[in-house]
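Note sheet for the following structure.
The values are calculated or read from the model by the stated rules, or taken from the named source; none is laboratory data. All values derive from a computational prediction rather than experimental measurement. Here the Cβ positions follow ideal geometry from the backbone for every residue, glycine too, while neighbour counts run over all protein chains shown.
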There are 2 protein chains.
Amino acid sequence: MEARKISLPESELPRRWYNIQADMPTPLEPPLHPGTGQPAGPEDLAPIFPMALIEQEVSRERFIDIPEEVLEKYLIWRPTPLYRARGLEKFLDTPARIYFKNEGVSPAGSHKPNTAIAQAYYNKTAGTKRITTETGAGQWGSALSMGCALFGLECKVYMVKISYEQKPYRRIMMETWGANCVPSPSMETKAGQQILAENPDSPGSLGIAISEAVEAAVTGENSKYSLGSVLNHVLLHQTVNGLECQKQMAIAGDYPDVIIGCAGGGSNFAGLALPFVRDKINGKQIDIIAVEPTSCPTMTRGPFAYDFGDTVQMTPLLAMHTLGHSFVPEPIHAGGLRYHGMAPIVSQLILDELIRPEAVPQLETFQAGITMARTEGFISAPETDHAVAMVIREAVKAKEEGKEKVILFNWSGHGLVDMAAYEAYLSGKLADHALPEEEIKRALGDIAPLPKPSQYNPGTVG
Amino acid sequence: MEARKISLPESELPRRWYNIQADMPTPLEPPLHPGTGQPAGPEDLAPIFPMALIEQEVSRERFIDIPEEVLEKYLIWRPTPLYRARGLEKFLDTPARIYFKNEGVSPAGSHKPNTAIAQAYYNKTAGTKRITTETGAGQWGSALSMGCALFGLECKVYMVKISYEQKPYRRIMMETWGANCVPSPSMETKAGQQILAENPDSPGSLGIAISEAVEAAVTGENSKYSLGSVLNHVLLHQTVNGLECQKQMAIAGDYPDVIIGCAGGGSNFAGLALPFVRDKINGKQIDIIAVEPTSCPTMTRGPFAYDFGDTVQMTPLLAMHTLGHSFVPEPIHAGGLRYHGMAPIVSQLILDELIRPEAVPQLETFQAGITMARTEGFISAPETDHAVAMVIREAVKAKEEGKEKVILFNWSGHGLVDMAAYEAYLSGKLADHALPEEEIKRALGDIAPLPKPSQYNPGTVG
């Protein structure tokens with residue numbers, strides 16, 4: 001009988017995260033203070049993050065030890081299995097060998113707990129009593145709620161109001177794990193009050209929710225803020241997945257020619273890809289593809305520039321591919337891929353041609369998800385379907401070229417809490433959204449091409 | 001670092017199912033034909049089931065080979081991990097060592113695919129083109145839809161109308177796997193038409209849905225019917241789980257003193273328990289507990305009698321614990337535990353004092369689920385919470401008695417598609433339902449205590 005998946009024993013759980021900053025051909029541009037436009041130092045970040053995470057954000061150490069307490073919690077679902085997609089291969093009649101890493105086995109159903117657990121731990125040891133965060137569709141908010149429950153921390157989640165009302169299941173997951181989740185804008189913060197005074201019916205936005213969560217962290221007692229993607233330390237934590245995967249591919253006796261992941265803020269993609277990017281820097285031939293929606297083409301059409309992480313310009317400026325902090329994409333069903341920016345690490349690696357971005361339209365992604373469900377059994381999150389769509393393109397290409405090829409992708413989460421998106425697709429209510437050039441130009445009006453920090457004038461931004 | 005879970009490699013997947021009929025101290029009473037009241041033979045069942053499943057239903061072979069094609073599909077998620085519930089143990093401060101088998105890692109999120117895959121396979125090889133079934137809340141319907149997708153069969157699901165309307169996520173899962181799911185009663189069958197003529201607003205019931213699914217199988221071309229619990233062959237397929245678990249407990253170096261599972265129709269419980277029941281028959285001391293809701297106390301308060309499997313008296317009569325085929329329990333949130341009868345195998349083993357039934361009230365089960373989520377991470381299905389509640393009782397007892405004890409339970413599925421139930425609990429909208437004696441008496445009015453088949457007069461039933 002042919003093997004379908006490669007499981008690692010608990011003893012093979014990686015004991016260290018991999019930090020790509022040790023190996024990047026071009027070092028990262030520093031984050032800039034939103035007020036002064038000068039490089040932001042640890043003291044600028046200390047009000048919102050514990051020092052251990054700030055240190056990880058700027059570290060150049062190649063490997064960083066995973067604390068024992070984090071390893072213990074990782075064992076709740078890690079190591080995750082690596083699958084050979086035999087059903088999909090057979091259906092596509094492709095000479096490609098397709099592998100996927102199943103991150104959907106975590107209690108929250110996605111890769112997000114890889115960093116939620118770590119962030120909860122570092123906050124716990126720093127004396128934080130309460131973590132605040134924002135969430136859109138709720139995947140991150142639910143993962144952080146679980147992390148906080150396991151470390152005995154309070155968790156406060158500002159959930160974009162329209163999602164809060166339309167997608168109750170993730171909110172209830174948060175509450176089941178003991179978190180307090182409120183619709184944003186709320187009356188609990190000055191930022192929220194201000195928005196509601198102007199527009200009592202505001203449906204909210206991720207930008208507003210970030211403002212509320214940051215304000216609540218800065219003004220609250222023993223409170224810190226937490227972000228679920230984009231930042232260097234978040235990507236660092238996610239590398240536990242890629243490191244496991246390298247061991248599993250070795251057991252399989254294969255090595256990937258192509259690596260694929262979907263990218264919203266960039267963390268699930270980077271978690272799988274970065275340890276292989278290191279191999280590529282060291283001479284391996286790999287095509288490493290980050291996949292985004294055509295309706296939010298941050299990597300494929302946004303310039304590399306300094307921009308804010310949030311709409312209301314409170315966060316440090318990050319050097320990244322961005323569509324501009326005021327960009328509002330079409331309401332596509334992959335909520336996790338609607339962010340205007342991209343992780344600085346992923347952005348820089350694209351510039352250095354170590355990662356290749358691609359955009360796929362919405363309908364193709366759901367069709368790919370249906371194909372995967374009917375051949376492999378698993379129903380993917382709509383975000384994950386972007387990776388599946390690109391895998392199918394590559395597998396079909398391999399067939400046309402008559403080439404053997406090893407494709408590896410990150411199956412970042414299941415879609416069982418996202419079935420409304422499949423309903424919309426199956427009933428023919430979805431459309432593709434290719435973004436007109438003028439919309440991109442308008443969105444880009446409020447950012448500037450990347451200057452050197454010393455030349456930087458925050459007045460040109462926003 | 002302490003081990004948290006024991007994973008088996010794919011090579012350790014059991015190659016045979018265990019058939020308890022080879023070892024039962026008291027053989028099963030035969031099913032009776034609903035019309036004649038005489039023992040039903042294979043020819044009576046042939047219109048609705050393929051012959052291979054009918055043979056399994058009556059087989060006395062101790063082990064039955066699992067076909068290669070079924071093993072291949074099992075590998076999509078099997079072997080499933082056995083967990084040591086260290087977080088729960090610590091929280092309860094108990095000397096008990098608590099283990100649970102995680103059946104929630106299947107694509108459908110529960111144990112149901114163990115038999116769905118097998119039934120789809122046997123139907124496929126028998127030339128069936130389409131399988132019909134009924135579903136309440138949708139756990140079974142979704143699992144069978146997946147099984148049919150993987151074997152290229154059509155699947156038709158009659159879903160109780162009130163659930164169809166209130167719980168769309170499971171229905172969309174079925175459609176994603178390519179099944180056709182309609183609300184029952186429907187206009188597609190005579191049974192449905194009849195009900196709708198009498199009551200156009202009928203909310204449906206499992207009994208009605210069974211009638212529709214059986215009618216559709218009997219009248220449809222190349223169609224067979226499928227049941228997700230209760231029957232002997234269904235329990236047989238589920239034993240793959242208990243057989244894995246025996247290997248895993250041996251690796252852990254422990255053996256259970258107590259085994260716990262929730263029981264609606266009885267299949268997830270039996271799947272874990274039956275291989276250990278064999279050990280008990282052979283002299284091992286184990287307390288094996290089947291847990292049901294106090295609002296549907298089939299095992300703890302229903303007599304052992306011949307009764308119909310459905311409300312409209314179309315199915316064969318089965319000798320089982322039953323509350324009467326007209327029994328309608330309170331609308332509790334564990335939809336899978338609202339069945340009036342219990343698997344004949346489980347029922348007989350209760351009579352023979354090899355299995356001990358217990359009933360727990362609804363609020364206790366959700367409180368247990370919350371405790372589990374916040375200590376172990378995983379959110380259980382409401383059905384599974386019945387097992388968790390009993391585990392907590394046993395662990396607290398162990399503490400009070402100062403006794404070491406090994407508790408093993410079946411974590412039959414996750415609750416991520418059942419979050420509305422947690423919402424109801426967390427917002428204080430749920431109540432306990434202990435069943436008044438007179439309601440039980442009324443329900444029992446339409447069944448008779450078990451006669452020998454030869455003395456059986458169907459006129460006394462229904």
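Here are some notes:
- Considering residues of the stretch A:353-370 that are hydrophobic (A, V, I, L, M, F, W, C) and under 20 Å from A:Gly109 (Cβ atoms) only, the residue farthest from the other protein chains (Cβ to nearest Cβ): A:Ala368
- Test result for B:Arg4, farther than 27 Å from B:Arg130 by Cα, within 14 Å of another protein chain (Cβ to nearest Cβ) and surrounded by 13 or more Cβ atoms within 10 Å (Cβ to Cβ): yes
- Qualifying residue in the stretch B:294-316 (condition: out of contact with any Asp or Glu (no Cβ under 6 Å at 6 or more places or on another chain) and under 24 Å from A:Met146 (Cβ atoms)): no
- Filtering the stretch B:316-326 to residues that are in a loop (DSSP other than H, G, I, E, B) and either in contact with a Leu (Cβ under 7 Å, 6 or more places away or on another chain) or over 26 Å from B:Val218 (Cβ atoms) (or both) leaves B:Pro316, B:Leu323, B:Gly324.
- Contacts under 8 angstrom Cβ, first residue in the stretch B:172-193 being of a type in the set (Asp, Glu), partner outside any helix (DSSP H, G or I), 6 or more apart: B:Glu175/B:Cys181; B:Glu188/B:Val182
- Exactly one residue among B:Val406, B:Val417 is β-branched (Val, Ile, Thr), within 26 Å of A:Leu150 (Cβ to Cβ) and more than 14 Å from chain A (Cβ to nearest Cβ), and that residue is B:Val406.
- Screening the stretch B:135-188 for helices (runs of 4 or more DSSP H) wholly inside it with 1 or more residues that are of a type in the set (A, V, I, L, M, F, W, C), in contact with a Phe, Trp or Tyr (Cβ under 7 Å, 6 or more places away or on another chain) and more than 10 Å from chain A (Cβ to nearest Cβ) returns the ranges B:139-151.
- Subset of the stretch A:11-30 [touching a residue at least 12 places away in the same chain (Cβ under 8 Å), surrounded by fewer than 18 Cβ atoms within 10 Å (Cβ to Cβ) and polar (S, T, N, Q)]: A:Thr26
- Enumeration of residues in the stretch B:4-26 that are more than 21 Å from the chain's Cα centre (by Cα) and either of a type in the set (S, T, N, Q) or within 29 Å of B:Thr311 (Cβ to Cβ) (or both): B:Ser7, B:Ser11, B:Thr26
- Number of the exception - A:Asp418 against (1) within 21 Å of the chain's Cα centre (by Cα); (2) at pLDDT 95 or above: (2)
- Verdict on B:Gly336 being more than 14 Å from every other protein chain (Cβ to nearest Cβ), on the phi > 0 side of the Ramachandran plot and in contact (Cβ under 8 Å) with a residue 40 or more places away in the chain: no
- Members of the stretch B:245-281 found to be hydroxyl-bearing (Ser, Thr, Tyr) and more than 22 Å from B:Leu337 (Cα to Cα), listed by number: B:Tyr255
- Among residues that are touching a residue at least 12 places away in the same chain (Cβ under 8 Å) and closer than 21 Å to A:Val234 by Cβ, A:Ile98 is not included.
- Residues within the stretch B:371-388 that are in contact with a helix residue (DSSP H, G or I) (Cβ under 6 Å, 6 or more places away or on another chain), within 14 Å of chain A (Cβ to nearest Cβ), assigned to a helix (DSSP H, G or I) and not charged (D, E, K, R), tallied: 5
- Among the residues of the stretch B:226-271, the one identified as of a type in the set (Phe, Trp, Tyr) and either buried (at least 24 other Cβ atoms within 10 Å of the Cβ) or free of Cβ contacts under 8 Å to residues at least 24 places away in the same chain (or both) is B:Phe269.
- Identification of strands (runs of 3 or more DSSP E) wholly contained in the stretch A:208-315 with 2 or more residues that are touching a Pro at 6+ places or on another chain (Cβ under 8 Å) and at pLDDT below 95 yields A:304-308.
- Residues of the stretch A:189-207 classified as outside any helix (DSSP H, G or I) and among the basic types (Lys, Arg), total: 0
- Any pair with Cβ under 8 angstrom, 6 or more apart, that starts in the stretch A:372-390 at a residue that is free of Cβ contacts under 8 Å to residues at least 12 places away in the same chain and ends at one that is hydroxyl-bearing (Ser, Thr, Tyr) and outside any helix (DSSP H, G or I): A:Ala373/A:Ser380
- Against the test of being of a type outside the set (Lys, Arg) and modelled with pLDDT under 95, the options B:Pro27, B:Pro39, B:Pro14 yield a single qualifying residue, B:Pro39.
- Output for the stretch A:349-386, where each listed residue is within 30 Å of A:Ser59 (Cβ to Cβ) and surrounded by 24 or more Cβ atoms within 10 Å (Cβ to Cβ): A:Leu349, A:Ile355, A:Glu383, A:Thr384
- Qualifying residue in the stretch A:397-404 (condition: in contact with a helix residue (DSSP H, G or I) (Cβ under 8 Å, 6 or more places away or on another chain), among the acidic types (Asp, Glu) and either in a strand (DSSP E or B) or buried (at least 23 other Cβ atoms within 10 Å of the Cβ) (or both)): no
- A:Pro47 being assigned to a loop (DSSP other than H, G, I, E, B), touching a residue at least 40 places away in the same chain (Cβ under 8 Å) and not hydroxyl-bearing (Ser, Thr, Tyr): yes
- Residue pairs meeting the criteria (Cβ under 9 Å; at least 6 apart or on separate chains; first within 12 Å of chain B (Cβ to nearest Cβ), in the stretch A:423-434; second aromatic (Phe, Trp, Tyr) and crowded, with 17+ Cβ neighbours inside 10 Å): A:Glu423/B:Tyr169; A:Ala424/A:Phe366; A:Tyr425/A:Phe366; A:Leu426/A:Phe366
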